[in-house]
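The values are calculated or read from the model by the stated rules, or taken from the named source; none is laboratory data. This one's a predicted model, so the numbers in the text were calculated from it and none came from an experiment. Cβ: placed from backbone, ideal geometry, glycine included. Neighbour counts: every protein chain shown. We work out accessible area using only protein heavy atoms, side chains counted, and drop any ligands, DNA or RNA first. Shrake-Rupley method; radii C 1.70, N 1.55, O 1.52, S 1.80 Å.
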Amino acid sequence: GTRLYRTGDQARWLTDGTLDFLGRIDQQVKIRGFRIELGEIEAVLAKHPALRQAAVIDRADATGQPRLVAYMVAQPVSSARSIDDLRSTLKSQLPEYMVPAAFVFLDELPLNANGKLDRKQLPEPEFSRQGLTGGYVAPRNEAESALAVIWQELLGIDRVGVHDNFFTIGGHSLLATQVMSRVREQLDIELPLRELFLEPTIAQLGRLVQDAQLRGLSAKLPPIQRADRSVPLSLSFAQERLWFLSQLEPDSPLYNVPVAVRIRGKLNRAALVQSLQAIIDRHEVLRTTFETVDGYPQLRIHDALPLPLEEVDLSDQPAAQREQAVREWAMRAALEPFDLVRGPLVRAGLARVGENDLVFLWTMHHIVSDGWSTGVMFREVSTLYRAIAGGQAPNLPALPVQYADFAAWQRTYLTGDELDRQLSYWKDQLRGAPATLELPTDRQRPTVQSFRGAYESFELPRELTSQLQALGTSEGTTLFMTLLAAFQTLMSRYSGQPDVCVGTPIAGRNRAEIEPLIGFFVNTLVLRGNLEGGQSFRQLLQRTREATLGAYAHQDLPFERLVDELQPRRNTGRSPLFQVIFGLHNAPLPTVESGELTFTPMESDTATVKFDLSVAVQQHGDRIVGRWGYNSDLFDPATMTGMIAHFRNLLEGAVRDPDQALSRLPLLTAAECQVVLQDWSGAGATFAVESGLAERFAAQALRTPLALAVGDGVTSLTYAELDQRSNQLAQHLRGLGVGAESLVGLCLERAVSTVVGILGILK
């Protein structure tokens, strides 16, 4: 018994038993932005000779993401239970996104009282992680086994198959950097970061490792060793630049890095103080000050540095005003400047908000910390507090090196051929790049950059987030690359410039021994986007991918050295090389439970921005969230709200039709379209059209022949002069055969001649 069952525009032959049993073949679900007809998948499975019944449903995995799961009953005579075979069958007839992520064999499919599939009785599938696309294949040699252990450790997965794609099982560029640093450390093999993007499976990467081992290629980078503390210690390149800036503005809070954490529960104050002091003792950089000797900075590492804890009690404030009081206290503390000579360059504060409700503020100067460092501090304080409060001895692993050792290594490594190699790349990449991005501003740019800033938070919906991930997967780009391409498109559309440079931060933790350190490792890369011509968003994604991978391969050159080498023309009102920065935070601070306490990160800022725009996004669950920072001397809040809406509209247009030309991607909201197309056009009103523009201009020239009609700062014409010149041009064009409805092209600068040309053509 078979019958023809139509689903959409396709027909499938299904067994009567399957139809009667499932009774749900036309059910649709949406996963990763794709609308999926479950019956299409079940129809293919129903024809497989090894199966008697099959049902496909959507279930959430451990991360909350919807995934397809196939539940199957094998034929009594069949012993074949090859998931690889089933997966191959589906792949041969269906698109990749309709292939289930998990397959489960059952003796019978459970039914409810109505004879329908009982979802509640179906067992939980074993998801390894979102995005596993192939049947599990275990590592087959030493190289693959070593890589599997590295991936499992970094991705937090119990099992990884050799054909699993790194970037579809939770990997991103930051984790990719850590993979390669561990390959260098554990296997003594130096592979470019680019290789993991090009060969994103263990099987592919394992072949590269084996090939390098057979050829005797060992890691090229020299190890970081402990520097001699008996001689003056140098600053890192990044520290040196911040020291120089601090000499120009010694009391500026611009480079303060505050971290605010909500603590709920009964706090053991003594354990917290001991934990904070242990952090200071553990990390030399937090006991470092900066002295000037003969006009040059030098490090001074103190043997001990007590850390006072500032405490305030805000619990007596009216309940409705406490949160505002907390924000004001945190803002004041975060804005207090540091003294680089006297130190300390870290502060701690604790505000009591209510019973078992506190806010902890930890502020460091950027010269001794970065965003990654706040995560290191957060995790270590949680671990130390748990041990000390529980009466146990803290047991953090010893640090292999300190920040001063890295600074000395950097000075040695970035010399000679390596320095020339990296400089050569960036010079080629930025040759002829525009010095400025001319965004339309609400106010005139100050002569001197003020750094006064404000922030707008935004969130992209779940459906758009999944569509962006799906587009990136299909194009081989990370979420960051996809978002960056859209952001550069937005900047190009706003500025009218087809050549756009955007800054992006990179962690700079490409060596395993510096991952556990607090310090200033972050670097800034300049990513140049070529948005000329009628290229599509899909084409731009590939260009962005190549530009990003090239930048990753040359990320060790400090931005400070690049600026010194390129010597761009300085402008006190703008930052050099780029004026907007865009970053994806791959390692946000998590909520941590430590004993009876819960530590929850809070947003904190210093009301300052270093650039015209500073956009930071991160993936939060199944949504993308972010903060849109802007220079408040240049932009109004309403302008930024509109720009964020345009960014979202552009993203929606890109995922809906990635083959659409960049110039045609939508920006305006529905309300803005109404204003432009309806309100401003005076729809519904009637006008008496008595004459054209050329005739009306001629009439005005007769009324005021000597009045100034047009000027460009060099040339000016009266109405009579403009009328005469445009008449001459009209006669000339007529002699060339130009008449009504003819198209005439103008290629002119904005000048008086432009107006003469327009009038002459119309006449």
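Structural remarks
- Hits in segment 192-216 - residues which are over 24 Å from the mean Cα position of the chain (by Cα) and open to solvent by less than 80 Å² (accessible area, probe 1.4 Å): Ile202, Ala203, Gln204, Leu205, Gly206, Leu208, Val209, Gln210, Asp211, Ala212, Gly216
- Across segment 325-333, not a single residue is classified as surrounded by 13 or more Cβ atoms within 10 Å (Cβ to Cβ) and touching a helix residue (DSSP H, G or I) at 6+ places or on another chain (Cβ under 7 Å).
- Matching residues in segment 545-592 - criterion: being assigned to a helix (DSSP H, G or I) and at pLDDT below 85: none
- Scope segment 273-309; condition open to solvent by 50 Å² or more (accessible area, probe 1.4 Å), in contact with an Asp or Glu (Cβ under 6 Å, 6 or more places away or on another chain) and either in contact (Cβ under 8 Å) with a residue 40 or more places away in the chain or in a helix (DSSP H, G or I) (or both); matching residues: Gln298
- Residues that are buried (at least 20 other Cβ atoms within 10 Å of the Cβ) and over 23 Å from the mean Cα position of the chain (by Cα), drawn from segment 139-160: Ala143, Glu144, Leu147, Ala148, Ile150, Val160
- Neighbours by Cβ (under 9 Å, 6+ apart or cross-chain): first from segment 663-678, assigned to a helix (DSSP H, G or I); second aromatic (Phe, Trp, Tyr): none
- Looking only at segment 256-272, residues that are at positive phi and not in a loop (DSSP other than H, G, I, E, B) come to 0 in all.
- For segment 370-377, the count of residues that are closer than 23 Å to Arg300 by Cβ, in a helix (DSSP H, G or I) and of a type in the set (A, V, I, L, M) is at least one.
- Residue check: Phe599 meets all listed conditions (1) touching a helix residue (DSSP H, G or I) at 6+ places or on another chain (Cβ under 8 Å); (2) open to solvent by 40 Å² or more (accessible area, probe 1.4 Å) but one, namely (2).
- Residue in segment 202-219 that is assigned to a helix (DSSP H, G or I), without any contact (Cβ under 8 Å) to a residue 40 or more places away in the chain and small (Gly, Ala, Ser) present: yes
- In segment 693-705, the residues that are among the hydrophobic types (A, V, I, L, M, F, W, C) and either at pLDDT below 90 or out of contact with any helix residue (DSSP H, G or I) (no Cβ under 7 Å at 6 or more places or on another chain) (or both): Leu693, Ala694, Ala698, Ala699, Leu702
- So Glu142, is it without any contact (Cβ under 8 Å) to a residue 12 or more places away in the chain, closer than 21 Å to Gln213 by Cβ and in contact with a Leu (Cβ under 6 Å, 6 or more places away or on another chain): no
- Where Ser457 falls short, out of the listed (1) of a type in the set (S, T, N, Q); (2) at pLDDT 90 or above; (3) surrounded by fewer than 19 Cβ atoms within 10 Å (Cβ to Cβ); (4) closer than 22 Å to Arg509 by Cα: (4)
So that you can scan it fast, the table gives a plain yes or no per residue for (1) at positive phi; (2) in a loop (DSSP other than H, G, I, E, B); (3) modelled with pLDDT under 75:
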| position | (1), (2), (3) |
| --- | --- |
| Arg67 | no, no, no |
| Val73 | no, no, no |
| Ser78 | no, yes, yes |
| Asp85 | no, no, yes |
| Leu90 | no, no, no |
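- Failed criterion for Ser632 (all others in (1) at pLDDT below 90; (2) of a type in the set (Ser, Thr, Tyr); (3) buried (at least 19 other Cβ atoms within 10 Å of the Cβ); (4) closer than 27 Å to Glu336 by Cβ hold): (1)
- Residue within segment 379-392 that is in contact with a helix residue (DSSP H, G or I) (Cβ under 6 Å, 6 or more places away or on another chain), among the aromatic types (Phe, Trp, Tyr) and either open to solvent by 70 Å² or more (accessible area, probe 1.4 Å) or on the phi < 0 side of the Ramachandran plot (or both) present: yes
- Listed here are the helices (runs of 4 or more DSSP H) enclosed by segment 398-492 that have at least 3 residues being under 21 Å from Ala551 (Cα atoms) and touching an Asp or Glu at 6+ places or on another chain (Cβ under 8 Å): 416-430.
- Single residue of segment 720-740 satisfying the filter (open to solvent by less than 50 Å² (accessible area, probe 1.4 Å) and part of a loop (DSSP other than H, G, I, E, B)) that is modelled with the lowest pLDDT: Gly739
- Filter pass, Leu235 being modelled with pLDDT of 90 or more, part of a loop (DSSP other than H, G, I, E, B) and among the aliphatic types (A, V, I, L, M): yes
- With respect to the conditions (1) farther than 30 Å from Leu479 by Cβ; (2) assigned to a helix (DSSP H, G or I); (3) hydrophobic (A, V, I, L, M, F, W, C); (4) at pLDDT 85 or above, Leu717 lacks only one, and its number is (2).
One line per residue, one yes/no per condition, for (1) under 27 Å from Ala607 (Cα atoms); (2) without any contact (Cβ under 8 Å) to a residue 60 or more places away in the chain; (3) surrounded by fewer than 12 Cβ atoms within 10 Å (Cβ to Cβ):
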{"residue": "Ile224", "(1), (2), (3)": "no, no, no"}
{"residue": "Ala227", "(1), (2), (3)": "no, no, no"}
{"residue": "Ser230", "(1), (2), (3)": "no, yes, yes"}
{"residue": "Glu240", "(1), (2), (3)": "yes, no, no"}
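- Residues in segment 49-65 that are at pLDDT 75 or above and of a type in the set (Gly, Ala, Ser): Ala50, Ala54, Ala55, Ala60.
- Which listed residue, of Arg569, Arg574, Arg545, is in contact (Cβ under 8 Å) with a residue 40 or more places away in the chain, among the charged types (D, E, K, R), closer than 24 Å to Asn530 by Cα and buried (at least 20 other Cβ atoms within 10 Å of the Cβ): Arg545
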